[in-house]
Amino acid sequence: METIKKSEGITPTESLLAELCENTFLKLWSFPNPFKDDAHEMCDLIAIFRNEVFLFFDRNNTALESREINDDFMVHWKRWKRKSIDKQIKTAIGAERYIRNGRTIYLDEKIQRELPVPICTDNLIVHKIIVAHGAKEACENFSDENISGSLAISYGRSIPDDQLPPFFVNLERDNPVHVFDSANLSILLGELDTVSDFSAYLTAKVDAVKRYKGISYCAEEDLLAHYYMNFDEASNRHFIGVKDEEVDFFHIAEGDWEEFEKREEYLNKKEADKVSYFWDHLIQKTSQNALAGTLLGNRDGFFEKSGIHEMAKEPRLFRRFLAKKMMEASDTFPVPSGDGIMRQLTYLPSLTPEKAYVFLQVAPYKGITYDKYLDMRRDLLNVACGSAKNRFDQLKVVVGIAMEPPKYFETLSEDFALLECENWPDDQRSMYEETNSHLGFFKTGKFQEEHFSEF
């Protein structure tokens with residue numbers, strides 16, 4: 001496989017954006033500084049996952065930093081906003097049009113290396129995000145009541161722009177963009193640090209923009225706090241807005257995020273989430289191998305049909321559960337005896353009922369070469385995936401993960417398998433039943449079910 005070299009961002013703020021997005025979208029699906037076929041930069045970062053594209057436009061304009069807050073300040077603010085936000089919005093709309101037309105995206109200005117992740121324009125969703133740096137200090141100095149230095153945002157207000165105060169940005173409802181800034185970029189991408197969670201937030205926000213005649217908030221992080229504190233059990237998701245259907249406008253005051261991050265339940269969540277990053281580590285490690293051209297196997301990690309792509313779909317809350325159960329399984333795995341195959345299989349449900357994971361631990365035993373051990377482990381993992389489908393017929397996708405027992409080995413290797421099994425003919429079912437007859441995966445007496453609640 002060919003080595004894929006990504007940009008790390010050109011400016012300090014672009015480098016920060018690249019680092020944050022690599023954590024949220026992971027290594028395989030985020031690419032800084034892509035180019036159009038005319039050799040001009042398309043945006044500052046693009047992330048692609050499933051049918052969603054995330055376009056980031058980073059602008060660091062320091063023109064307000066040394067300005068005094070006086071009668072002339074409004075002129076400088078308008079100039080800053082025009083360059084940092086308005087111009088970027090026009091560029092974002094053009095980039096979306098470029099993508100929807102199916103034109104090629106490149107990783108280099110010589111337009112020789114194409115973006116390795118395919119973009120399907122059918123049912124495509126494009127999120128346009130402007131990151132405007134350079135107003136935080138001036139915003140804090142503008143008012144003693146300002147808490148964070150974040151820009152205030154509104155959608156659909158009837159007040160003309162020239163009548164709005166400084167640091168208040170009015171955006172269109174029809175084709176909404178998202179405006180982040182220096183004060184909240186790390187908060188947004190740090191809190192919503194999976195593609196599922198980030199997408200869910202932006203989708204909820206766009207839904208609210210379309211539903212209400214107008215919404216406004218003093219800071220993007222305050223809107224995030226509002227989103228976290230509103231949960232609809234019927235749809236099993238967070239939302240933005242109010243349940244009163246007669247309300248057509250709402251405003252979120254400043255300080256909600258500052259109060260929210262002090263709450264005990266938030267602090268408990270942050271502590272509980274720590275274990276979940278083991279799941280991210282598994283994906284990132286394999287992603288790096290794909291980028292370096294050293295990934296083995298018959299799957300292209302950049303395309304949708306791969307085990308790690310399915311793993312990356314899980315939100316943070318479910319990654320916590322999955323990682324916790326994997327680590328518990330590792331802790332209970334018996335000491336390798338040196339004679340015969342020591343193995344343990346753990347079945348893990350996904351957030352999606354039609355998908356599940358099987359986690360296989362196999363200890364190398366005395367006398368087997370490492371290459372033969374890997375072949376044996378891959379064969380066992382294949383049987384485990386097929387046996388899971390036989391045992392749980394509702395499954396359409398089974399993802400297999402296999403490794404050495406982590407507590408006994410300093411270095412680990414992982415195998416990932418993807419079994420797409422929505423169609424499961426009788427001959428395939430019989431083949432796995434026969435192969436599994438002497439292994440006993442999911443057999444009564446050997447398979448122990450555990451019921452628990454993590455959430």
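The residue that is surrounded by the fewest Cβ atoms within 10 Å (Cβ to Cβ), counting only those in the stretch 394-414 that are without any contact (Cβ under 8 Å) to a residue 60 or more places away in the chain and among the charged types (D, E, K, R), is Glu410.
Restricting Leu322, Leu374, Leu351 to those that are under 24 Å from the mean Cα position of the chain (by Cα), over 16 Å from Phe442 (Cα atoms), at pLDDT 85 or above and assigned to a helix (DSSP H, G or I) reduces the list to Leu322.
Filter the stretch 243-273 for residues that are part of a helix (DSSP H, G or I) and touching a residue at least 60 places away in the same chain (Cβ under 8 Å); which is nearest to Leu26 (Cα to Cα)?
Trp257
Looking at this structure, is Asp426 modelled with pLDDT under 95 and of a type in the set (Asp, Glu)? No; evaluated as a whole, the condition is false for this residue. Looking only at the stretch 136-146, decide whether some residue is more than 25 Å from Arg50 (Cβ to Cβ), aliphatic (A, V, I, L, M) and part of a helix (DSSP H, G or I). Yes: the stretch 136-146 contains one or more residues that are more than 25 Å from Arg50 (Cβ to Cβ), aliphatic (A, V, I, L, M) and part of a helix (DSSP H, G or I). Is it the case, given these coordinates, that Arg391 is more than 12 Å from Leu439 (Cβ to Cβ), in contact with a strand residue (DSSP E or B) (Cβ under 7 Å, 6 or more places away or on another chain) and surrounded by fewer than 23 Cβ atoms within 10 Å (Cβ to Cβ)? Taking the combined requirement at face value, the residue does not satisfy it.
Residues are listed down the side, and each one gets a yes or a no for (1) part of a helix (DSSP H, G or I); (2) at pLDDT below 95; (3) in contact with a helix residue (DSSP H, G or I) (Cβ under 8 Å, 6 or more places away or on another chain):
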| residue | (1), (2), (3) |
| --- | --- |
| Val275 | yes, no, yes |
| Lys305 | no, yes, no |
| Val335 | no, yes, yes |
| Leu345 | no, yes, yes |
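Checking every residue in the stretch 137-151 against the condition of being under 22 Å from Leu224 (Cα atoms) and exposed (fewer than 13 other Cβ atoms within 10 Å of the Cβ) gives at least one match. For the stretch 1-58, what are the residues that are without any contact (Cβ under 8 Å) to a residue 60 or more places away in the chain, surrounded by fewer than 18 Cβ atoms within 10 Å (Cβ to Cβ) and in a helix (DSSP H, G or I)? Matches in the stretch 1-58: Pro12, Ser15, Glu19. Quickly run through the stretch 184-234 and pick out the residues that are surrounded by fewer than 23 Cβ atoms within 10 Å (Cβ to Cβ) and in a loop (DSSP other than H, G, I, E, B). Answer for the stretch 184-234, where residues must be surrounded by fewer than 23 Cβ atoms within 10 Å (Cβ to Cβ) and in a loop (DSSP other than H, G, I, E, B): Leu192, Asp193, Tyr212, Lys213, Asn230, Glu233, Ala234.
The values are calculated or read from the model by the stated rules, or taken from the named source; none is laboratory data. A quick note: this is a predicted structure, and the numbers were derived from the prediction, not measured. Every residue, glycine as well, gets a Cβ built from its backbone with ideal geometry; the counts of neighbours run over all protein chains shown.
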